[in-house]
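Inspection log for the structure reproduced underneath, given as structure tokens.
The values are calculated or read from the model by the stated rules, or taken from the named source; none is laboratory data. None of the values given here were measured: they were computed from a predicted structure. Note that each Cβ is placed from the backbone with ideal geometry, even for glycine, and that neighbours are counted across all protein chains shown. In case anyone asks, the SASA skips ligands and DNA or RNA and just uses the protein heavy atoms, side chains included. Shrake-Rupley method; radii C 1.70, N 1.55, O 1.52, S 1.80 Å.
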Amino acid sequence: MNKDMLSALDVLEKDKGISKEIVISALEAALVSAYKRNYGQAQNVDVEFNEKNGDIHVYSVKEVVDMVFDSTLEVSIEDAIEINKGYEIGDKIRFEVTPRDFGRIAAQTAKQVIMQRIREAERSIIYDEFIAYENDILNGVVERQDSRYIYVNLGKIEAVLSKQEQIPGEEFQPHDRIKVYVTKVENTSKGPQIFVSRSHPDLLKRLFEQEVPEIYDGVVEIISIAREAGDRSKIAVRSRDVNVDPVGTCVGPRGQRVQAIVNELKGENMDIVKWDEDPAQYIANALNPAQVVHVDFEPAKGSCTVVVPDYQLSLAIGKRGQNARLAAKLTGFKIDIKSETDYGVMMAEQADTSEVVEEEIYVSDIDEVLEMDAVNPAEDIQQADEVAEDILDADETENRIAEVELDPEEDYNELLNDSDQ
């Protein structure tokens, strides 16, 4: 049995990549619990596993004390000195208590520990493998489904596809092969759990990377995706090479590339539009197939008014507003679509309103001036006369000062004469 256990540990380390030391440590801890459970012993025990020959020994650990109160946990200093004169109070002494039939219990415990470690190792390996596929696309096979999930076999593990992540109206049968987008990988107590999606916008991105080599290589870049799964999607692309047409590259010869994606998504319509640095042109491209006459921005509100020909208003808005809604998601602007006629009427009304406001302001200013001037005319005339008199008095005073300052020497002589008299 001992040789078999050592062989099992070697195989476990070689094939499963589980360290022998880790298994032995777990085995010793499990054997301690098994000993206490099977022999009704609650004292401190140690289990030692010999890695060379596979022997297992159980030891009871007792503390050296002056006076013994619990013989299962303590040993007197006198007894300890008889064993070894070097022992002192507080030392720990191990006494072997290995039962004769403990080999059978050890074998069962070892088997359980090894199987547990194998399961944990496999779970860890699977988790490490699939965490690398998070936010990526995988091929799977439909296994079964219930009221909540469709279970998809990914090879080493079964992923779950919830109702919310399914394409509306899409149905699967067992053994159907499908492509799924991995949204989350969790390492739970029951093992790794993988959540996948068919409605996530990034599923489109990964599908285009698979079908269009220029996107995978980075020559063509997907800037934005707006998707209503199962119905219609818009993808904005740009090219890093002036000689490469991003839209034509994604569509492919005779539409083969985009058609492969449409078939995978059960007929979901695709609008591939060219991204542009000019927001007005980008919005016009996003509203394809409708033609855009003019785009009027309101930067403060993050919105714009798009003017289209009268006969294309319904085309620009789309069925149930879908075209305008997807264009808004794609560009990040709130889009208000108006026909040329409606936009002209709106601008005329705004012009009339501004003229009326200006006229009201002008009349209000005149009224204020008249009210200020016509409060009390008689009082205003009297105040004007008083101001005039004050001005005359001030002028006369200044003239007198000026006369005094004209000839200072003459004024001095005049003062001398006055003093002699």
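For Leu313, the solvent-accessible surface with a 1.4 Å probe is about 40 Å², rounded to the nearest 10. Ranking of Ile81, Ile261, Ile114 by solvent-accessible surface, largest first: Ile81, Ile114, Ile261 (1.4 Å probe, protein heavy atoms only, all chains present). Computed with a 1.4 Å probe over protein heavy atoms only, the accessible area of Asp66 comes to about 110 Å². Across the stretch 134-197, C-alpha contacts under 8 Å between residues 6 or more apart give a mean separation that, scaled by the residue count, equals a relative contact order of 38 percent. Across the stretch 200-275, Cα-Cα pairs farther apart than 17 Å form 35% of the total. Qualifying trypsin sites (Lys or Arg not before Pro) in the stretch 241-324, where qualification requires a DSSP coil assignment and no more than 10 other C-beta atoms within 10 Å, comprise Lys301. The GluC sites (Glu not before Pro) of the stretch 84-158 meeting both criteria, a DSSP state outside H, G, I, E and B (loop) and at most 16 other C-beta atoms within 10 angstrom of the site's C-beta, are Glu88, Glu134.
Would you work out what percent of the accessible area of the stretch 51-159, with all protein chains in place, is carbon or sulfur (probe 1.4 Å)? Its accessible area is 46 percent carbon and sulfur atoms. A straight Cα-to-Cα reach below 21 Å connects Lys156 with the lysines Lys14, Lys16, Lys179, Lys184, Lys190, residues fewer than 8 places away in its own chain not being considered. Excluding ligands, DNA and RNA, the accessible surface per residue across the stretch 1-127 is 62 Å² with a 1.4 Å probe.
Note on Lys92: lysines with a C-alpha under 18 Å away, same-chain residues under 8 apart excluded, are Lys62.
Within the same chain, lysines fewer than 8 places from Lys319 are excluded, and of the rest, those with a Cα less than 22 Å from its Cα are Lys234, Lys266, Lys329, Lys334, Lys338. Per residue, the solvent-accessible area of the stretch 200-275 (1.4 Å probe, heavy atoms of protein chains only, all protein chains present) comes to 48 Å². Restricting the chymotrypsin sites (Phe, Trp or Tyr not before Pro) of the stretch 67-170 to loop positions (DSSP other than H, G, I, E, B) with no more than 12 neighbouring Cβ atoms within 10 Å leaves Phe69.
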